[in-house]
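What follows is a set of notes on a single structure, which appears directly below.
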Amino acid sequence: MTEKVRRKNTVLILIVIAVFSLSGCGLWTHITHLWEKPDRAGGTPEQLYQRGYDAYQNGWYKRAIEYFQQVRDQYPLSKLALLAELGIADSHFSDEEYGEAELAYTDFINLHPTNENVPYAIYQLGMCHYKQMYSIDRDQTETNKARKEFERLIARFPNSKFSLMAEKTLRECKRNLAEHEFYVGNFYFKKKQYKSALKRFETVAKDYANVGLDYKVSYFIGETKKRIAEEEARKAEPKSAK
């Protein structure tokens, strides 16, 4: 290590010491609680929840889950226990553990059906599926699940701000599903399997109107029907004598 680097590191250490000295023990205590293992950390439900919240804000999602679980398990009658349940779900969601998040949101909805946070939980449940949607040329199971959750939210809580948020995302889901149906229909069309193609095109026209595919689908329905008619006309022509 060069003398210049050594001096720079020494100055940095002195600055850190000075910051802690000026801020008193409060900051140091706050930081050590974040690093402390939750199973060793005591405290009131408010203190434990705050540590979980702080860990979440810092992106330490697994640590946050441990603190929230401690609030839920040790203080089940506290008003913070409900928020801790959502904190567990949100931490899984932010950590992109969508399967675990889905289970946690579902448990919250089932256990507390009248809680004011149910609309949020349903919205997040839909987002768990939305985040796992595939492109239009692949399976659309997650897209369908997202659609159903957003529709459930809008039907049950039409005046909720989360329903307003869900409307935009629901439209994206429907567009994805429509594009998938059209993609499959176009595949059949190119293969000259016109009846299978027509079924797909008509599904788009019936179930996914006003998502941006109306003109294109209308054209292909007409073109497909024309080709089906041409095929049937050829089959009906009398065979020439040998």
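Bear in mind these aren't lab numbers, they're just calculated from the coordinates by the rules spelled out. The model shown is predicted, which means the values in this text are computed figures rather than measured ones. Cβ placement follows ideal geometry from the backbone for every residue including glycine, while neighbour counts extend to all protein chains displayed.
The aspartates and glutamates whose alpha-carbon is closer than 18 Å to the alpha-carbon of residue 62, local same-chain residues fewer than 8 away aside, are 36, 39, 54, 73, 85, 90, 95, 96, 97, 100, 102.
Here the simple spin-label model places points 7 Å from the Cα toward Cβ, and for residue 175 and residue 216 these points are separated by 1.1 nm.
Residue 190: which aspartates and glutamates have alpha carbons under 14 Å from its alpha carbon, excluding same-chain residues fewer than 8 sequence positions away? Hits, sequence-local ones excluded: 223. Of the residues 179, 172, 102, the one with the fewest other Cβ atoms within 10 Å heads the list, and the complete ranking is 172, 179, 102. When the trypsin sites (Lys or Arg not before Pro) in segment 150-200 are filtered for DSSP coil states and for at most 13 other beta-carbon atoms within 10 Å of their beta-carbon, the remaining sites are 191, 192. Legend: distances between Cα atoms for 195/216; 199/235; 131/191; 168/226; 131/225; pairs beyond 27 Å are 131/191; 168/226; 131/225.
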